[in-house]
Amino acid sequence: MNKLSKTSKLDNILSWSLQALETCPGSLSAAGVLVDACSGCYATTGCYNFKGTKAVRADNKAAWQEAGWVDSMVAALRKQSYFRWFDSGDMYSLSLAVKIYAVMVATPHVQHWLPTRMYKFAKFETILAQMEALPNVMVRRSSDAIDGTYTKGVHGSTILPDATSVPAGVTLCQAYEHGGKCDGCRACYSKDVAVVGYPAHGRKMAKVIRLAVAA
Ligand code: SF4
Ligand code: SF4
């Protein structure tokens, strides 16, 4: 069964998530070390560690593998205009990616936002390209950086050390000015916004940035 989350941060837009890190093979560098952006991952802190939150993600991990999952997702999105994939976790399986693509195709009335690091694995390239070709889908390939750097034409998001240092070509996420909420902004869902920069937040990420600066 699908367990969709409705978070006030996203203006109550629904999302579907898995457990961070355990479903995030792209969180590791070629040397097997957590990349900076994932070292400070907000989805490994606070309420994301609550038993109930973890249970929802575990249920979702089992549910997508069942027959009928695509149909149930399509039904759940019948009245939605926007949808966020992976508030936590990532599209770790190619079979999952194929099913997500089917949901996207069957819900042209929904603007989908899918952040991912699975572009690091060649076998995902075809399905990501298929998703990106859909008019209602914005795949944001996440940069591993926490200093605002990104590769033009590759990455669709990056993390900024703070809101005052916004590199050229980056659209600043201004949720920090609205109590941490999107407050009507839909930049992440838009193909017209090439790269979104998220100011670092949370104590865990602050520590990662301090260590990076000191190194
Ligand atoms: S891929 Fe995303 S959810 Fe997973 S550990 Fe990295 S930042 Fe967190
Ligand atoms: S850029 Fe806009 S849509 Fe994206 S997280 Fe920030 S406020 Fe929300």
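The values are calculated or read from the model by the stated rules, or taken from the named source; none is laboratory data. Bear in mind that the values here come from a model prediction, so they are computed numbers and not experimental data. Positions of Cβ are generated from backbone atoms using ideal geometry, with glycine treated the same way; all protein chains shown enter the neighbour counts. These accessible areas exclude ligands, DNA and RNA; they are computed on the full protein's heavy atoms, side chains included. Shrake-Rupley method; radii C 1.70, N 1.55, O 1.52, S 1.80 Å.
Residue check: Y82 meets all listed conditions (1) open to solvent by 20 Å² or more (accessible area, probe 1.4 Å); (2) in contact with a Ser or Thr (Cβ under 8 Å, 6 or more places away or on another chain); (3) in contact (Cβ under 8 Å) with a residue 24 or more places away in the chain but one, namely (2). Can you tell me which condition Q19 does not meet? The list is (1) within 16 Å of I146 (Cβ to Cβ); (2) not in a helix (DSSP H, G or I), and all the others hold. Going through (1) within 16 Å of I146 (Cβ to Cβ); (2) not in a helix (DSSP H, G or I) one by one, Q19 breaks only (1). Restricting the stretch 136-149 to residues that are within 20 Å of M91 (Cβ to Cβ) and in contact (Cβ under 8 Å) with a residue 40 or more places away in the chain, the residue that is nearest to ligand 1 (Cβ to nearest atom) is S142.
So that you can scan it fast, the table gives a plain yes or no per residue for (1) surrounded by fewer than 21 Cβ atoms within 10 Å (Cβ to Cβ); (2) in contact with a Ser or Thr (Cβ under 8 Å, 6 or more places away or on another chain); (3) assigned to a strand (DSSP E or B):
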| site | (1), (2), (3) |
| --- | --- |
| E66 | yes, no, no |
| I100 | no, no, no |
| M104 | no, no, no |
| H112 | no, no, yes |
| E125 | yes, no, no |
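With respect to being part of a loop (DSSP other than H, G, I, E, B) and within 16 Å of ligand 2 (Cβ to nearest atom), N12 fits the description. For A175, the test of being buried (at least 17 other Cβ atoms within 10 Å of the Cβ), farther than 24 Å from M91 by Cα and touching a residue at least 60 places away in the same chain (Cβ under 8 Å) is passed.
Looking at the stretch 85-98 only, could you name the residues that are among the hydrophobic types (A, V, I, L, M, F, W, C) and open to solvent by 20 Å² or more (accessible area, probe 1.4 Å)? L94, V98 - these are the residues of the stretch 85-98 that are among the hydrophobic types (A, V, I, L, M, F, W, C) and open to solvent by 20 Å² or more (accessible area, probe 1.4 Å). Within the stretch 114-123, the set of residues being part of a helix (DSSP H, G or I), in contact (Cβ under 8 Å) with a residue 12 or more places away in the chain and open to solvent by 60 Å² or more (accessible area, probe 1.4 Å) comprises K120, K123. Assess whether G180 counts as being on the phi > 0 side of the Ramachandran plot and away from ligand 2 (no atom under 12 Å from the Cβ). So G180 does not fit the description; no.
Applying the criterion of being more than 8 Å from ligand 2 (Cβ to nearest atom) and not in a helix (DSSP H, G or I) to the residues of the stretch 195-215, the residue that is surrounded by the most Cβ atoms within 10 Å (Cβ to Cβ) is V195. If you go through the stretch 159-194 and keep only what is within 16 Å of ligand 1 (Cβ to nearest atom), out of contact with any helix residue (DSSP H, G or I) (no Cβ under 8 Å at 6 or more places or on another chain) and either modelled with pLDDT under 95 or not in a helix (DSSP H, G or I) (or both), you end up with just L160. Selection within the stretch 29-46: residues that are touching a helix residue (DSSP H, G or I) at 6+ places or on another chain (Cβ under 8 Å) and open to solvent by 20 Å² or more (accessible area, probe 1.4 Å). The member of this set that is nearest to ligand 2 (Cβ to nearest atom) is Y42.
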